1. Ranked highest first by average number of other Cβ atoms within 10 Å, how do 131-141, 314-324, 243-253, 458-468 line up?
2. Does anyone have the angle between helix 423-432 and the longest principal axis of the chain? Alpha-carbon axes, 0 to 90°, nearest 10?
3. Rounded to the nearest Å, what's the spacing between the alpha carbon centres of region 133-155 and region 301-325? Just the number, please.
4. Give me the extension gain from residue 298 to residue 210: residue separation times 0.36 nm, minus the current Cα-Cα distance, reported in nm with one decimal.
5. Using helices alone, I'd like the mean residue ellipticity at 222 nm for the chain: each DSSP H run of four-plus residues gives -39500 (n - 2.57), total over residue count, nearest 500.
6. Of the peptides 371-380, 349-358, 404-413, 274-283, how do they stack up when ordered by the mean number of other Cβ atoms within 10 Å, highest first?
7. Give me the angle, in degrees from 0 to 90, between the Cα long axis of helix 150-169 and the longest principal axis of the Cα atoms of the chain, rounded to the nearest 10.
8. For the ranges 441-450, 193-202, what's the packing order if you count other beta-carbon atoms within 10 Å of each residue, average per peptide, and put the highest first?
């Protein structure tokens, strides 16, 4: 018996050794990491209901390309993502899987592009760790499962970074012209996908500066401002110039009124974003108590120590390390400062494209560890934190509008009215509404008619779908389905006295109440 167990143990050890040797082949390992990236992105991609922003996407892509262009001029984002998704939906349909699948595929592409970026700047070991951490990054997974523009801009910015590296490595203008052309195209597309992507430009300029800087004060200006570099940026600015007047109009409207509040800009703001990058945990509270500010300060100090350690260990590659640090820190702090001084526009999801470099820093740190104990400590620690984040993304976050829609679709009768209590629930419910009767919205028609922001999709229907007073709703069947969110919303206080609740259904943050409207005389 003992001999048999020894043989089995030897066989298992030999098998594991063979697998390790096989996976050490770079292409096989990267293929496995990309497969892992696909698994964690597609496994629970349709678990959550479509939420408000995705509902906006679903309604937008139903319009013609020309109409999409016109309506995005009235919103706060540029049109490219919606234009592409319009045609994607024509081919693959508009199911949750189909529409979110576009983002998931881009998320896998991000992992591959970032791998070759890190390999070109550093080496294969760093690139493998970067690919693994990017594949498992819960922040990237979360937005690879959303029907919004975040992964498209991340893909384009990462691709642009790769093209920049290739272009800057070539000495001949003829040889690097195609890479500058690719770079220009990627950046133009990124700018027409999300405005914050333009923040990568000064970071790219800084990298070119670092490449041409020789301590203490030597700079090769001819290489720094090469003709291809100049022509590339003329192309980017020229192609985006058409949209600049629209951007200025949108900026004016955002400055006048935006949902993000200035008091949200605190010492916690950037660290909270970093927590979401690493484990998708909101660390604002420990239990029922607010997290002390010194904890957030310690986190920033730890990040600084990690960066200094990496720079010290990679003395010959300090330029690349500083580039990665700037890649993820500069955009966040620029927007944080602007939000603190002027208009608050800082939101975690706006930095999906720069979060990639955070995972690159983790990779640099792990690969710089020479002590095996330290490496075997931090590499699994980071991996566990990322996996905990994936668990939170896939099992904790939720939205229940799909089930609310099913309840109404199953029980709706001709003559019933459907009213949604707020715009924040209107678009996602409209996606799940299969009754054939358009929902109305409890909102001021005058505000809807202005057609700015989210109202850009429905302003021409303000007179037919907007309800200023709930008492004006007179269903033919005497029944009203009232769709809303959390029970403490103010609009529940405005339910007329003659609406008698019959039943209610709630799933996570969404609910519907069926009312019978009593029209009998007093």
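Values in this text are rule-based calculations from the coordinates and carry no lab data. Predicted model only: the values in this text are computed from it and were never measured. Please note: Cβ atoms are built from the backbone with ideal geometry, for glycine as well, and neighbour counts cover all protein chains shown.
1. Working: 131-141: 26.9, 314-324: 17.5, 243-253: 13.7, 458-468: 15.7.
Listed from highest to lowest mean packing, they are 131-141, 314-324, 458-468, 243-253.
2. 90 degrees
3. That distance is 25 Å.
4. Numbers: separation 88, 0.36 × 88 = 31.68 nm, distance 2.94 nm.
Working it through step by step, the gained length comes to 28.7 nm.
5. Numbers: 23 runs with 322 residues, N = 522.
Calculated mean residue ellipticity at 222 nm is -20000 deg cm²/dmol.
6. Values: 371-380: 12.4, 349-358: 25.5, 404-413: 17.2, 274-283: 20.5.
Result, highest mean Cβ count within 10 Å first: 349-358, 274-283, 404-413, 371-380.
7. Once rounded, one gets 20 degrees.
8. Numbers: 441-450: 17.4, 193-202: 20.8.
Highest mean packing first, the order is 193-202, 441-450.
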